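Accompanying notes for the structure given below.
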Amino acid sequence: MAQAIIGRGIDLSIVATMAMTVAWSLDLITRGIGVGSALALGLLMAAVIGLINGFLIAYVEIPSIFATLAMATTIYGFGQFFLVPTDITYLSPSAGWLKLLADPTWAGCRAR
């Protein structure tokens, strides 16, 4: 995001990219794919989306606000239709260390 702002652009697809890549990674984990592999696939998906955005803005010369707005709609629609079949994705019990990130007590925080 900082690079987009420094380059005098704007990226409206960040929220859709984050939501779909994380939801897809969690869905892959619940389907039995390893945590590391699922997170790597989510990161790869985010990188591909970024490359497509960069290509559309730099080489096709579509203004960043329009290219990223269209990409956000495309990402969310594609993700909902093909990758994540449900609106709620639960973390499987086999996630191991990934579940610790959701536990507030590991960082010294208290749950209310």
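Residue order by solvent-accessible surface for I33, I75 is I33, I75, largest first, with ligands and nucleic acids left out and a 1.4 Å probe. The figure for T74 is an accessible area of roughly 80 square angstrom, using a 1.4 Å probe on the protein chains alone.
Taking R0 as 22 Å, what's the FRET efficiency between V15 and F81 from their Cβ-Cβ distance, rounded to 0.05? Before the final figure, lay out the partial values.
Working: r = 18 Å, r/R0 = 0.82.
The pair V15/F81 has a calculated efficiency of 0.75.
The values are calculated or read from the model by the stated rules, or taken from the named source; none is laboratory data. The structure presented is a predicted model; accordingly, all values stated were derived computationally and were not measured. For neighbour counting, all protein chains shown are included, and Cβ atoms are generated from backbone atoms with ideal geometry for every residue, glycine included. Note: areas computed on protein heavy atoms with side chains; ligands, DNA, RNA excluded. Shrake-Rupley method; radii C 1.70, N 1.55, O 1.52, S 1.80 Å.
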